[in-house]
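> This is the structure I have questions about; it appears just below.
The values are calculated or read from the model by the stated rules, or taken from the named source; none is laboratory data. Just so we're clear, the structure is a prediction, and the values are computed from it rather than from any experiment. Heads up, the Cβs are rebuilt from the backbone with ideal geometry, glycines too, and the neighbour counts pull from every protein chain shown.
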Amino acid sequence: MKCPYCGNPEDRVVDSRESREGEVIRRRRECTRCGRRFTSYEAVEEIPCMVVKKNGDREVFDRDKVLSGLKKACGTRVAEEKIGAIADRVGALVAKSPDRELTAAEIGEVLMEELKREDHVAFVRFASVYRDFQDTRDFVKEVRALLRKRAPAKRRKKVREAR
């Protein structure tokens, strides 16, 4: 640590205290050459959450980018609070992952599962961009898969109502 007054690289620590709920250590220092005192702050450097792209590049996880994609897919079909909650859950998932990183594919799959539970139209919109649908057959295939998954639940409900 260099003295801000004379540039001397040697000092002694006079006092150390935790501040800001223990996230930062404040150190009061005294220069061994000029005798003037100054303060330094020490904090742990956060490891950023990263996204591994398809081409292998890594970029910092950007919640706003996720939020923007979700808003485009959802339009007015899903409440803003729910969209924000989905983005928060994905951000937390990245933060809890080993090495604080996930692939873009893993994030996309999680987002599609969240949207599938929330709103099927928003899910298909998101999937069409994420999975790069080329024509209407891709849309039809995805909608049929959704209907197959919903059909057994409807049949069970009808059976229960008949009893």
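> Here is a list: VAL121, VAL94, VAL78. Which entry is of a type in the set (A, V, I, L, M) and within 28 Å of ILE47 (Cα to Cα)?
VAL94
> Can you tell me which residue within the stretch 22-48, out of those that are at pLDDT 90 or above and in a loop (DSSP other than H, G, I, E, B), is surrounded by the fewest Cβ atoms within 10 Å (Cβ to Cβ)?
Ranking the qualifying residues of the stretch 22-48, first place goes to GLY35.
> Among the residues of the stretch 49-76, which ones are surrounded by 12 or more Cβ atoms within 10 Å (Cβ to Cβ), free of Cβ contacts under 8 Å to residues at least 24 places away in the same chain and aliphatic (A, V, I, L, M)?
Selection gives LEU67 alone.
> A further question on this structure: Might you check whether a residue that is outside the structural domain of VAL124 (by TED's automatic domain parsing) and part of a loop (DSSP other than H, G, I, E, B) occurs anywhere in the stretch 11-21?
yes
> Next up: I need the full set of residues from the stretch 47-64 which are within 13 Å of ALA87 (Cβ to Cβ) and in contact with a Phe, Trp or Tyr (Cβ under 8 Å, 6 or more places away or on another chain), in order please.
The answer is CYS49, and nothing else.
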